[in-house]
């Protein structure tokens with residue numbers, strides 16, 4: 001009987017120790033998720049401003065993200081597995097996407113803004129952010145084509161093609177980089193669609209120019 005009681009007490013202490021450790025992780029997880037939501041909000045606003053070509057407001061939003069991403073890194077320092085899935089991973093993806101898009105549109109990014117993406121974000125978040133980045137680049141290229149700025153659009157398409165050439169042979173399982181192969185496939189289709197749109201636009205522009213030239217030659 002005494003031995004049974006001793007084993008029961010030992011098991012009880014094991015449960016209590018486990019509960020203390022898990023409760024601590026749960027509190028950290030809750031804080032990580034709270035900070036992740038803040039990062040996603042300000043990163044999303046930054047991308048919106050970048051799409052509107054308002055670089056100053058975009059930079060201001062990225063600056064607003066800095067304390068949240070800084071705290072996210074600090075809180076998760078000893079629990080890094082908690083930021084490599086779900087909402088926390090998405091927060092790093094969206095933050096890095098905003099940084100990368102600012103670099104593509106603005107031509108450069110201050111090191112102080114890029115540091116948490118380049119040095120602290122999980123590597124899979126960076127790859128996934130680059131996958132999402134091409135969708136935003138496509139948006140800008142389409143807008144430029146709509147304004148008949150074909151040469152400017154071609155520069156963005158070239159960036160997309162360069163990115164694709166660098167990632168197309170990467171073959172990581174979803175357990176390491178979730179959804180990456182799908183993003184690469186979407187990237188390829190986006191490039192193909194843009195090249196068709198560019199070719200059609202160039203043809204239309206040439207036809208319009210010829211018609212305008214013909215009108216000038218016809219006497220009134």
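The values are calculated or read from the model by the stated rules, or taken from the named source; none is laboratory data. Just so you know, these numbers come straight off a predicted model, no measurement behind them. Backbone-built Cβ (ideal geometry, glycine too); neighbour counts: all protein chains shown.
A few notes on this one:
- Cross-chain or 6+ apart pairs with Cβ under 7 Å, segment 53-82 first and closer than 17 Å to residue 93 by Cβ, then not in a helix (DSSP H, G or I): 82/76
- Near pairs, Cβ below 6 angstrom, 6+ apart or cross-chain, from segment 12-38 (assigned by TED's automatic domain parsing to the domain that holds residue 84) to any residue that is outside any helix (DSSP H, G or I): 28/79; 32/76
- Of the residues making up segment 149-177, those that are under 21 Å from residue 85 (Cβ atoms) and surrounded by fewer than 17 Cβ atoms within 10 Å (Cβ to Cβ) number 7.
- Matching residues in segment 76-92 - criterion: being part of a helix (DSSP H, G or I) and more than 13 Å from residue 116 (Cβ to Cβ): 80, 81, 82, 86, 87, 88, 89, 90
- Considering 124, 151, 136, the condition of being in contact (Cβ under 8 Å) with a residue 60 or more places away in the chain and either outside the structural domain of residue 54 (by TED's automatic domain parsing) or not in a loop (DSSP other than H, G, I, E, B) (or both) is satisfied by 136 alone.
- Residue in segment 110-119 that is over 21 Å from the mean Cα position of the chain (by Cα) and not in a helix (DSSP H, G or I) present: no
- When segment 70-109 is filtered for residues that are over 19 Å from residue 35 (Cβ atoms), under 15 Å from the mean Cα position of the chain (by Cα) and surrounded by fewer than 17 Cβ atoms within 10 Å (Cβ to Cβ), the ones remaining, listed by number, are 103, 105.
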